[in-house]
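Some notes on the structure that comes next.
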Amino acid sequence: MAILTINAGSSSVKFTLFPSDADTPRASGIVERIGLEGTRLKARRAGGEAVETPVPGADVDRAVEVILEALGHPQHGVIAGVGEIEAVGHRVVHGGERLTRPVVLDEAAKAYLESIVPLAPLHNPHHLRGIAACERHIPHAVQVAVFDTAFHASLPRHAFLYGIPLRFHAEDGVRRYGFHGISHKYVAGEAARFLGRPPEGLRLVTCHLGNGCSVTAVRDGRSLDTSMGFTPLEGLLMGTRSGDIDPAAVLYLMERHGFSPAAMNDLLNRRSGLLALAGVGSNDVRDILAAARNGSNQAELAVEMFCYRIRKTIGAYAAALGGLDAVVFTAGIGENAPEIRRRALADLGFLGILLNEALNESPAAGPRAVHAASSRVAVLVIPTNEELEIARETRQALAEQRRP
Ligand code: ADP
């Protein structure tokens, strides 16, 4: 039997098929460019080559159908038929205040997800479409939702509330939710395993640095604070997001330029961050680091701003945790950009963080330590694996459901 993970976004549906009882995927891929020219399926069997198939005009429902056709293909497939799929784990960005652990999707859970669409208007509607498509095409399978917000449900009130009248939390749900929780949880668990220590007593700062960036303080395997807030906009500088900015500056700009809320939202989420600051017409850190090396002062400043925010958040979370055992880097930038790791940790020797430059620069893959032998705090690079975390949590939800 198998577990399928589905991540349905605005223009793509990503999938991975796991055996029900093992962590090594049998196949994975994506239907991309949904709603655009050139919609295609890219699929890969374990150990095989990626195969591309055009699927012109496919919507989310059709995307799920072609994924299932590919998985069950008589020659190239990996399962005899959809009957082998016992559960589908859906990545869902927002679980609101109520869905704080993986849930089997019944009518009530889906109705709640509908009701919180205003909290995640760019994500949850696509997830709901993915869920509906899987219900239609794999009706016998148990559908499970795994939430990006759930890991942060353990934040204490003093960390998740904002300094505005409490009624805006009670009536409008305005609070810090935090995101990237599937990734933070996965790497925190893997870090404990790598260090050979139980999560209990371990104080970690996990840095997920990809297109979106967030830092989480983890104690005893639980999220204690996290840099993203009510939306993913808060906190670090990101590829195209501003991160922290005084809300009064936002209001000032709206008044002065007559920006609508939608225009301001677009400016802060899609036209700010590294893209706006580096001046290289790209938000890819590889391009920006190359420009900085080639003498661009503007790109250099953007990199320094990016690293400085990570650095000061690590310091803040060391205080929140009352000490620090390890800093963990993950995601596209965190895993692959030694210069960013080095600069983010610069001058943190006073916290007991000392990098081993050679280990840090080494292009090794897989979980690894990159700190100096004399470092009191471990510095780890742990490749994230959100699909595996979703599969594991789906497996767990399935087991709980079946328990008498
Ligand atoms: P997402 O958040 O969309 O899952 P990823 O975690 O894949 O994104 O991260 C994407 C980012 O990782 C890219 O924007 C790019 O800047 C960065 N990245 C990938 N490889 C490298 C590298 N070798 N050096 C620096 N940055 C990299």
Test: residue in the range 355-366 that is at negative phi, open to solvent by less than 50 Å² (accessible area, probe 1.4 Å) and within 12 Å of the ligand (Cβ to nearest atom): no
Leading residue by the ranking (nearest to residue 370 (Cα to Cα)) among those in the range 191-213 that are open to solvent by 10 Å² or more (accessible area, probe 1.4 Å) and within 16 Å of the ligand (Cβ to nearest atom): 208
Residue check for residue 216: within 29 Å of residue 95 (Cα to Cα), open to solvent by 40 Å² or more (accessible area, probe 1.4 Å) and not hydrophobic (A, V, I, L, M, F, W, C): no
Residue count for the range 288-333, restricted to those that are within 28 Å of residue 204 (Cβ to Cβ) and away from the ligand (no atom under 16 Å from the Cβ): 18
Helices (runs of 4 or more DSSP H) fully within the range 292-404 counting 1 or more residues that are without any contact (Cβ under 8 Å) to a residue 12 or more places away in the chain: 297-321, 331-336, 357-361, 386-402
Hits in the range 368-398 (condition: open to solvent by 50 Å² or more (accessible area, probe 1.4 Å), away from the ligand (no atom under 16 Å from the Cβ) and not hydroxyl-bearing (Ser, Thr, Tyr)): 373, 376, 392, 395, 396
Wholly enclosed strands (runs of 3 or more DSSP E) of the range 7-92 bearing at least 3 residues open to solvent by less than 50 Å² (accessible area, probe 1.4 Å) and touching a Leu at 6+ places or on another chain (Cβ under 8 Å): 12-19, 27-32, 85-92
Looking only at the range 166-190, and only at residues there that are within 16 Å of the ligand (Cβ to nearest atom) and among the small types (Gly, Ala, Ser), the one that is surrounded by the most Cβ atoms within 10 Å (Cβ to Cβ): 178
Residues satisfying the stated conditions in the range 243-258, i.e. outside any helix (DSSP H, G or I) and surrounded by fewer than 21 Cβ atoms within 10 Å (Cβ to Cβ): 244, 245, 246, 258
Output for the range 115-128, where each listed residue is open to solvent by 30 Å² or more (accessible area, probe 1.4 Å) and outside any helix (DSSP H, G or I): 121, 122, 123
Residue within the range 103-114 that is hydroxyl-bearing (Ser, Thr, Tyr) and surrounded by 19 or more Cβ atoms within 10 Å (Cβ to Cβ) present: no
Boolean, residue 270 is farther than 25 Å from residue 345 by Cα and open to solvent by 60 Å² or more (accessible area, probe 1.4 Å): yes
Residue within the range 152-172 that is touching a residue at least 12 places away in the same chain (Cβ under 8 Å) and under 13 Å from the mean Cα position of the chain (by Cα) present: yes
Test for residue 306: is it in contact with a helix residue (DSSP H, G or I) (Cβ under 8 Å, 6 or more places away or on another chain), open to solvent by less than 60 Å² (accessible area, probe 1.4 Å), under 18 Å from residue 234 (Cβ atoms) and not small (Gly, Ala, Ser): yes
Subset of the range 232-242 that is more than 12 Å from the ligand (Cβ to nearest atom) and free of Cβ contacts under 8 Å to residues at least 60 places away in the same chain - its residue that is most open to solvent (accessible area, probe 1.4 Å): 234
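The values are calculated or read from the model by the stated rules, or taken from the named source; none is laboratory data. As the structure is a computational prediction, the values presented were derived from the model and not from experiment. For neighbour counting, all protein chains shown are included, and Cβ atoms are generated from backbone atoms with ideal geometry for every residue, glycine included. Just so you know, the surface numbers come from the protein's heavy atoms only, side chains and all, with ligands and any DNA or RNA stripped out. Shrake-Rupley method; radii C 1.70, N 1.55, O 1.52, S 1.80 Å.
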